[in-house]
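Below: one structure, written as structure tokens.
Since every read-out is calculated from the coordinates, none of them should be taken as a lab result. Just so we're clear, the structure is a prediction, and the values are computed from it rather than from any experiment.
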Amino acid sequence: MNETKIGYARCSTDRQDLTAQRAALAVLGVAEDRIYTDHGLTGTNRDRPGLDQALAAVRAGDTFVVPKLDRLARSVPDARAIADQLEKKGVKLALGASVYDPADPMGKMFFNILATFAEFEADLIRMRTREGMAIARAKGKLRGKQPKLSEKQQKELSRMHASGDYSISDLAELFSVSRPTVYRTLQRKSAQTTP
């Protein structure tokens, strides 16, 4: 029975690219048609269709390959659950070029240590983000999403709508915004004029 390598790659946001991870998996011997991906899903989100498909594709004797552990999981319990699932199937886990046998006590220990570091790194990122947002909020620089239209444009849109000569679709086209933006603008202007 031949060993098959099943690869998994993930990126957290839609702006990120999977090219480097796919290339790393190819270097590690994973065929292109054996790479499963999730795009725009965080490692803390366990509901990942690509990961589920990859885990369903592995069979006893196969090797499940990820470029780095943080692409697989960002918490120790999640990493442990995935490793346990692989162990039950008789599948080895490769993190980059290092292969861990989840059934081997030494492999299990190394994997748990790496999972702890991945979770620690994710916690540090969350902590720094919260701190940065708190500082920006205190300086008045964190104001949320700004309106698409300037104050002058909002007044004009409101005036044109009040005239009754323009539909919501007309206004959206004239101001190059979506219909929901027109509704939000009218709602905002209405709230400002209501005592």
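³J(HN,Hα) across the range 125-140 via Karplus (A = 6.51, B = -1.76, C = 1.60, θ = phi - 60°), whole Hz, x for Gly/Pro?
Along the range 125-140, the couplings run 4, 4, 5, 5, 5, 4, 4, x, 5, 5, 5, 4, 5, 5, 8, x Hz.
Can you list residues whose amide H is under 5 Å from residue 41's amide H, if they're 5+ apart or on another chain and H is modeled 1.01 Å from N?
Hits under the 5 Å cutoff: 11.
Whole-Hz ³J(HN,Hα) for each residue in the range 87-102, computed from phi via Karplus 6.51 cos²θ - 1.76 cosθ + 1.60 with θ = phi - 60°, x for glycine and proline: what do you get?
Working through the residues one at a time gives 4, 4, 8, x, 10, 8, 10, 10, 9, x, 8, 8, 9, 10, 9, x Hz.
Skipping prolines and chain starts, which residues have an amide H placed within reach, meaning under 5 Å, of the one on residue 94, given they are 5 or more residues away or on another chain?
Hits under the 5 Å cutoff: 64, 65, 66, 100.
Enumerate the calculated ³J(HN,Hα) couplings along the range 7-18 in order (Karplus 6.51 cos²θ - 1.76 cosθ + 1.60, θ = phi - 60°), each rounded to whole Hz, writing x wherever the residue is Gly or Pro.
Calculated HN-Hα couplings, in order: x, 9, 9, 8, 10, 6, 10, 5, 7, 7, 10, 8 Hz.
Mind checking which aspartates and glutamates have their Cα closer than 15 Å to the Cα of residue 108? Skip sequence neighbours fewer than 8 apart in that chain.
78, 84, 87
If amide H atoms are built 1.01 Å from N in the plane of the peptide, which residues on other chains or at least 5 residues away come under 5 Å of the amide H of residue 36?
Here the answer is 7, 8, 9, since their amide H atoms fall under 5 Å of that of residue 36.
State, as an integer percentage, the relative contact order of the range 151-193 based on alpha-carbon contacts under 8 Å between residues 6 or more apart.
With pairs under 8 Å counted, the relative contact order is 41 percent.
To the nearest Å, what is the center-to-center distance of the range 56-118 and the range 119-190, using C-alpha atoms only?
43 Å
Would you list, by chain and number, the lysines whose Cα falls below 30 Å from the Cα of residue 139, excluding same-chain residues fewer than 8 positions away?
Qualifying lysines at Cα under 30 Å: 148, 152, 155, 189.
Counting only C-alpha contacts under 8 Å and six or more residues apart, can you give the relative contact order of the chain as a whole percent?
Contact order relative to length: 15 percent.
Helix-only mean residue ellipticity at 222 nm, the chain, DSSP H runs n ≥ 4 weighted -39,500 (n - 2.57), per residue, nearest 500. What is it?
Estimated from H runs of four or more residues: -17500 deg cm²/dmol.
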